[in-house]
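In what follows, a structure is listed as structure tokens, so that the remarks can point back to it.
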Amino acid sequence: MSVKIRLRRDGAKKRPFYHVVAADSRRARNGRYIEELGYYNPIVAAETESIVVLKEDRVRYWLSVGAIPSDTAAALLKSKGLMARTPARPVVAAPVVADAPVVTDAPAVAEASASDLSATEGTTEVVAETVEAAPETETEVTAPADSVPPSETTDEATA
């Protein structure tokens with residue numbers, strides 16, 4: 001049996017009053033429940049805040065045996081300190097790229113790019129020489145086994 005801690009609605013029309021209950025998760029919202037754990041009155045006098053009264057020992061018991069609170073019940077339990085607040089996700093800084101050069105001076109960058117161009121010209125000449133010196137070998141291309149010319153098919157295969 002899966003137990004949930006949730007709110008059961010009572011009160012008049014437009015005047016809600018909730019009982020905090022431990023109930024079987026398959027039961028209706030206001031249906032049969034296992035145990036009443038407290039109550040919550042969201043509508044009170046303007047000078048006071050909403051009232052939440054809970055049997056703390058019984059709430060801790062139901063949480064210890066695996067009862068899952070609904071979202072609203074969890075918020076009430078957190079406000080009373082019966083459930084641990086989930087910490088905010090830690091902010092992870094973006095990784096710093098160590099290989100990227102730091103631009104400090106524009107003339108130095110221009111000189112560096114000019115020297116990079118002269119270095120790349122030499123490498124293209126070396127690459128061109130190695131391509132010319134490479135022996136040319138012809139490879140024979142074979143047709144895949146699936147594609148057989150129609151002239152080579154037998155009469156048995158078509159029948």
Check on residue 61, part of a strand (DSSP E or B), of a type in the set (Ser, Thr, Tyr), at pLDDT 85 or above and under 34 Å from the mean Cα position of the chain (by Cα): no
Pairs with Cβ under 8 Å, 6+ apart, first in the range 18-30 and surrounded by fewer than 13 Cβ atoms within 10 Å (Cβ to Cβ), second of a type in the set (D, E, K, R): 25/4; 29/6; 29/8; 29/9
Failed criterion for residue 11 (all others in (1) over 35 Å from the mean Cα position of the chain (by Cα); (2) outside any strand (DSSP E or B); (3) small (Gly, Ala, Ser) hold): (2)
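The values are calculated or read from the model by the stated rules, or taken from the named source; none is laboratory data. This is a predicted model, so every value here is computed, not measured. We place every Cβ from the backbone using ideal geometry, glycine too, and count neighbours over all the protein chains shown.
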